[in-house]
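Visitor: Supplied in structure tokens, the structure appears directly below.
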Amino acid sequence: MCLEAISISKTYNILNKRIKVLKSINLKVEEGEIVAIVGPSGAGKSTLLNILSTVDRPDKGIIYHLGVKIIQDEDWKALWRREHTGIIFQQFQLIPTLTVLENVILPMYLARKFKGHRKERALSLLRRVGLEEKAFMYPSELSGGEQQRVAIARALANDPELIFADEPVSNLDVETRLKIANLFKELSEEGKCIVLTTHEEEMKKIAHKICALRGGVLRC
Ligand SMILES: Nc1ncnc2c1ncn2[C@@H]1O[C@H](COP(=O)(O)OP(=O)(O)OP(=O)(O)O)[C@@H](O)[C@H]1O
Ligand SMILES: [Mg+2]
């Protein structure tokens with residue numbers, strides 16, 4: 001099992017009211033599986049994804065990644081994420097002072113992986129998302145869809161077993177959405193576990209399991 005989340009709950013204080021965004025959510029993701037989380041805006045998809053990827057912490061609940069129980073300690077989690085996960089954030093979170101190429105190289109540098117051929121690997125990932133020719137530009141010089149594809153290439157830099165993608169094709173045209181959907185399909189065929197949120201049909205089509213989040217409850 002790639003990922004198992006047991007009884008995940010999260011409450012936010014919104015306008016002095018305590019709103020239960022996630023109510024005791026369970027989810028299992030097998031090796032090579034793509035799980036798509038769908039649901040209306042504000043349903044809690046990003047909240048759930050951030051908790052599953054260990055970026056955020058639940059109020060209650062337990063998560064196992066690759067059979068290892070996630071410890072809610074920030075340093076431990078940062079190391080764990082770097083070793084095992086690739087994360088595509090809804091707002092991309094690219095580093096503005098680094099070029100596209102440097103953004104993709106950075107995770108390899110931090111994890112001390114692929115030494116000696118980081119540049120070639122980054123360029124090949126950028127080619128996979130159709131952006132090789134923009135390698136030496138800065139994020140601010142790219143369109144939203146191009147930035148989104150850099151975020152995808154960066155998430156794949158360390159060849160992670162677990163991929164978390166928050167609306168990874170939301171800024172892309174139909175043709176590019178299909179290209180990225182195909183890339184995710186190939187990754188799942190390589191045995192990667194993918195949890196993504198989406199509103200787009202192209203992504204729902206490649207998912208092995210679709211889970212709907214509504215009223216704080218997840219139904220798969
Ligand atoms: N840090 C926070 N503090 C307070 N409330 C929050 C916080 N983060 C999220 N929320 C609230 O939790 C709810 C779910 O937000 P979330 O971003 O998870 O929704 P979403 O399903 O990803 O929406 P979208 O499709 O628009 O991306 C929203 O009502 C939001 O206001
Ligand atoms: Mg969201």
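The values are calculated or read from the model by the stated rules, or taken from the named source; none is laboratory data. What you see is a predicted model; the values in this text were computed from it and never measured. Don't worry about glycine lacking a Cβ; one is built from the backbone with ideal geometry, like all the others, and counts go over all protein chains shown.
Visitor: May I ask you to list the residues in the range 184-201 that are buried (at least 18 other Cβ atoms within 10 Å of the Cβ) and either at pLDDT below 95 or within 16 Å of ligand 1 (Cβ to nearest atom) (or both)?
Guide: Within the range 184-201, VAL195, LEU196, THR197, THR198, GLU200 qualify.
Visitor: Which residue, of LEU52, LEU48, is surrounded by 13 or more Cβ atoms within 10 Å (Cβ to Cβ) and more than 15 Å from CYS2 (Cα to Cα)?
Guide: On the way: LEU52 fails: more than 15 Å from CYS2 (Cα to Cα).
Just one listed residue meets the conditions, LEU48.
Visitor: Taking the options LEU98, LEU156, LEU110, name whichever one is buried (at least 17 other Cβ atoms within 10 Å of the Cβ) and not β-branched (Val, Ile, Thr). Please lay out each step first, then the result.
Guide: Working: LEU98 fails: buried (at least 17 other Cβ atoms within 10 Å of the Cβ); LEU110 fails: buried (at least 17 other Cβ atoms within 10 Å of the Cβ).
Only one candidate passes the filter, namely LEU156.
Visitor: Can you tell me how many residues within the range 20-53 are more than 15 Å from ligand 1 (Cβ to nearest atom) and under 11 Å from the mean Cα position of the chain (by Cα)?
Guide: 0
Visitor: If you don't mind, another one. For the range 122-143, which positions are within 19 Å of VAL169 (Cβ to Cβ), out of contact with any Leu (no Cβ under 9 Å at 6 or more places or on another chain) and either buried (at least 17 other Cβ atoms within 10 Å of the Cβ) or of a type outside the set (D, E, K, R) (or both)? Walk me through how you get there before you give the answer.
Guide: The initial filter retains those residues of the range 122-143 that are within 19 Å of VAL169 (Cβ to Cβ), namely 125-131, 134, 139, 142-143.
Imposing the further condition that a residue be out of contact with any Leu (no Cβ under 9 Å at 6 or more places or on another chain) reduces the set to 127, 130, 143.
Answer for the range 122-143, where residues must be within 19 Å of VAL169 (Cβ to Cβ), out of contact with any Leu (no Cβ under 9 Å at 6 or more places or on another chain) and either buried (at least 17 other Cβ atoms within 10 Å of the Cβ) or of a type outside the set (D, E, K, R) (or both): GLY130, SER143.
Visitor: I want to confirm something. Restricting to the range 6-29 and keeping residues that are surrounded by 14 or more Cβ atoms within 10 Å (Cβ to Cβ) and not β-branched (Val, Ile, Thr), which single residue is modelled with the lowest pLDDT?
Guide: The qualifying residue modelled with the lowest pLDDT is LYS20.
Visitor: Right, next: Out of GLY32, GLY42, I need the residue that is exposed (fewer than 13 other Cβ atoms within 10 Å of the Cβ) and either in contact with an Asp or Glu (Cβ under 9 Å, 6 or more places away or on another chain) or closer than 21 Å to GLU200 by Cβ (or both). Which one?
Guide: When all the criteria are applied, what remains is GLY42.
Visitor: Answer yes or no as to whether ILE71 is over 17 Å from ALA165 (Cβ atoms), free of Cβ contacts under 8 Å to residues at least 12 places away in the same chain and within 16 Å of ligand 2 (Cβ to nearest atom). Can you show your working first?
Guide: Numbers: over 17 Å from ALA165 (Cβ atoms): yes; free of Cβ contacts under 8 Å to residues at least 12 places away in the same chain: yes; within 16 Å of ligand 2 (Cβ to nearest atom): no.
Answer is no for this residue.
Visitor: Consider LEU156 carefully, then state whether it is under 26 Å from ILE70 (Cα atoms), within 16 Å of ligand 2 (Cβ to nearest atom) and touching a helix residue (DSSP H, G or I) at 6+ places or on another chain (Cβ under 7 Å).
Guide: Criteria not met by LEU156.
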